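Read through the structure below, which is laid out as structure tokens, and then see the notes.
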Amino acid sequence: PTGIGFCLAIRRAALGDIGEFDAATFGLGYGEEGDFCMRALKAGWRNVLATGVFVRHYGSTSFGEGASVRSEQAQQKLAAKHPDYPTRVSRHLQADPALSSRIMLDVARLKSAIGRTSILFFTHTRGGGIETYLQYIRNKLIEDGLRDVVNRAIVIQTMQRGFVQVHAFGGRPLPYLPNLEALNVERHKDSLGAIIELLDPELVHMNSFAGLTVPSIARLMEALISSRRPYWHVWHDHQPLCPRLTFLDAEDRYCGETDASRCVACLASTSASFEWVRIEDWRARFKAYLAHAQVVSAPSEAAALRARRLADVAKVKVHPHPEPHLADVTPLKKPDRKDGLLRILILGAIGPHKGAFLLSAMIRDIRRRNLPIHLDIVGYTSSKDIRSGPNVTLHGRYNGDMDAARRVTAIEPDLCLVSSIWPETYVFTVSVAMALHLPLATFDLGAQAERAREYERAALFERTLMEDPVGLNDALLKLDLNALWQIPAHTSFNETLALSEYFKQDRLPKGGVQKEDRTPERVVRRPGRTSSQEVGQMHASV
């Protein structure tokens, strides 16, 4: 609705049509350019913003101390001549059509502050395993002498309704970037390609599309593909195969992954509108996106098995998460318990996919039958049915794996139960239990079963027990813990980071390995095994 006088460009034809500024009404200054622009609008001209031009302005210096009074009087005169002026300005500010341009200005300032982006991480703000994983990546890159890569890396975290948080991966303060606070992946999806192009990342590291609508996922995928920058997709969950991420149906039960036709009723019955999709279209979109990825990084063979259903087998690499710090954990000794109580450790944030409904049913059964079982939950849960009581102690959140290990040591549990009812892709809590040499019990499913097979002090339960809390309690009481504790435990944790290898190759002399050939193969020390049942099930699904 208006322009600002110090940087106002007026076409000669418009000046001839409308006339000069109204000096008689507005005097020396303030308000005259607003009046001129309103007269232009009413004469059929348009006021436009030249968003590609920047002019530095030192404001409010022309009139000194009298500026505020003169400005207030000018606004009153403007409103008298143009009673629609205040509401036009208000509507313009609310619509904010120049926001996209100001966002790009802040992106350019961000690039100016850090130089060329080394890694552009996409993730969410939901916490959990991805957050832990990125912390480990940061620590390992620094340990591997790649602090400059960390300092030039940017993280874009998607939040609710498409808003994002942008911050430096290394944690250092960024310049004041107020417009990035309004960046919204849903609203500004047409700007995503330009943002990626301007940041010019050496590598895009996609960790999750969780929380985005289907159109925004599609546009972000298009932006990544058209950017021609190399990108990795990390298979943290099963979103490319299932909009629900975990293969849990609308009733929070494991679907079995056996029949795609079941997805129709499952997705139609969910309350989340972004899941109302045709499964064929959903998977086709992800398959096309994965076809352009340089690497599909899977943290376990169980995750890779599912990734190969959509991605080129040659691109799927098994990259176990780096956890060298767990080698410093002091192993536990078998507790000398006199009360005959079975103390079972549950680690982590316990939601439906982690078996929250199963655990609450187990607790009811323990109380009903007066079973000698006590659950120690080191973590937290949103389930109102799981709270501290005679048979349960909810110990609350922990700060990282080392803090978890210290708190578990103080509890002295008999074993750790991994209660997840979906095929996990890695499971950091398993690593904590293994580092403590704690006996482990889990269901024969996903990465939890794969990792349990690599660990001597582990017991695998049939999947049917995921539906049977009474049977699970009985199975736990029947475990021969003395025998499990007596088995020597040999644990080792991955110390290699594929991203370090990727960036170290850039530092090779000329003639070294080319970028497209440099992704390391499996780095796990003892390859995991997937059950024949699971392999057969995957083949049947394909």
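Side notes on the structure shown:
- Sub-7 Å Cβ pairs linking a first residue in segment 454-466 that is assigned to a strand (DSSP E or B) to a second residue that is among the aromatic types (Phe, Trp, Tyr), at least 6 apart or interchain, are Phe461/Phe443, ordered by first then second residue.
- The conditions of being assigned to a loop (DSSP other than H, G, I, E, B) and surrounded by fewer than 18 Cβ atoms within 10 Å (Cβ to Cβ) are met by Arg387.
- Qualifying positions in segment 118-159 - farther than 12 Å from Ser500 by Cα, touching a Gly at 6+ places or on another chain (Cβ under 8 Å) and open to solvent by 40 Å² or more (accessible area, probe 1.4 Å): Arg126, Gln135, Asn151, Arg152, Met159
- Of the set (1) assigned to a helix (DSSP H, G or I); (2) open to solvent by less than 60 Å² (accessible area, probe 1.4 Å), all apply to Leu105 but (2).
Here's the yes/no breakdown for (1) of a type in the set (Asp, Glu); (2) open to solvent by less than 10 Å² (accessible area, probe 1.4 Å); (3) out of contact with any strand residue (DSSP E or B) (no Cβ under 8 Å at 6 or more places or on another chain); (4) more than 18 Å from Thr246 (Cβ to Cβ):
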site	(1), (2), (3), (4)
Ser360	no, yes, yes, yes
Gly379	no, yes, no, no
Gly396	no, no, no, yes
Arg406	no, no, yes, yes
Ala433	no, yes, no, yes
Gln448	no, yes, no, no
Arg451	no, no, yes, no
Asp468	yes, no, yes, yes
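- Test: Thr442 is open to solvent by 30 Å² or more (accessible area, probe 1.4 Å) and of a type in the set (S, T, N, Q): no
- Residue that is surrounded by the fewest Cβ atoms within 10 Å (Cβ to Cβ), among those in segment 180-189 that are assigned to a helix (DSSP H, G or I) and free of Cβ contacts under 8 Å to residues at least 40 places away in the same chain: Glu181
- Hits in segment 242-286 - residues which are touching a residue at least 40 places away in the same chain (Cβ under 8 Å) and of a type in the set (Lys, Arg): Arg253, Arg283, Arg285
- Residue in segment 283-300 that is in a helix (DSSP H, G or I), hydroxyl-bearing (Ser, Thr, Tyr) and modelled with pLDDT under 90 present: no
- Residues that are at pLDDT 90 or above, out of contact with any strand residue (DSSP E or B) (no Cβ under 9 Å at 6 or more places or on another chain) and either charged (D, E, K, R) or not in a loop (DSSP other than H, G, I, E, B) (or both) within segment 114-134 comprise just one, Arg116.
- Residue check for Ala67: open to solvent by less than 50 Å² (accessible area, probe 1.4 Å), among the aliphatic types (A, V, I, L, M) and outside any loop (DSSP other than H, G, I, E, B): yes
- If you check Pro423, Pro413 for being assigned to a loop (DSSP other than H, G, I, E, B) and within 21 Å of Trp235 (Cβ to Cβ), only one passes: Pro423.
- Apart from one condition, Gln165 fits all of (1) surrounded by 16 or more Cβ atoms within 10 Å (Cβ to Cβ); (2) of a type outside the set (Asp, Glu); (3) outside any helix (DSSP H, G or I); the exception is (1).
- When the residues of segment 299-343 are filtered to those that are among the acidic types (Asp, Glu) and farther than 23 Å from Ala288 by Cβ, the one that is farthest from the chain's Cα centre (by Cα) is Asp339.
- Search result, residues across segment 195-217 that are more than 18 Å from Val296 (Cα to Cα) and of a type in the set (A, V, I, L, M, F, W, C): Ile195, Ile196, Leu198, Leu199, Leu212, Val214
- The residues in segment 240-273 that are assigned to a helix (DSSP H, G or I), closer than 23 Å to Ala447 by Cβ and open to solvent by less than 20 Å² (accessible area, probe 1.4 Å) can be counted, and the count is 0.
- Segment 209-239, residues that are open to solvent by less than 10 Å² (accessible area, probe 1.4 Å) and part of a loop (DSSP other than H, G, I, E, B): Phe209, Ala210, Leu212, Trp235, His238, Gln239
- Checking each residue in segment 86-126 for being of a type outside the set (Gly, Ala, Ser), closer than 22 Å to Val48 by Cα and under 28 Å from the mean Cα position of the chain (by Cα) picks out Leu99, Arg102, Ile103, Met104, Leu105, Asp106.
- Only one of Ala194, Ala223 that is modelled with pLDDT of 90 or more and within 13 Å of Met104 (Cα to Cα): Ala194
- Members of segment 80-100 that are in a helix (DSSP H, G or I), surrounded by 15 or more Cβ atoms within 10 Å (Cβ to Cβ) and free of Cβ contacts under 8 Å to residues at least 60 places away in the same chain: Lys81
The values are calculated or read from the model by the stated rules, or taken from the named source; none is laboratory data. Note that the structure is a prediction, hence the values are computed from the model and not measured. In this analysis, Cβ positions are derived from the backbone assuming ideal geometry, glycine residues included, and neighbour counts consider all displayed protein chains. Each accessible area value is taken on the protein alone, full model and side chains, heavy atoms only, with ligands, DNA and RNA left out. Shrake-Rupley method; radii C 1.70, N 1.55, O 1.52, S 1.80 Å.
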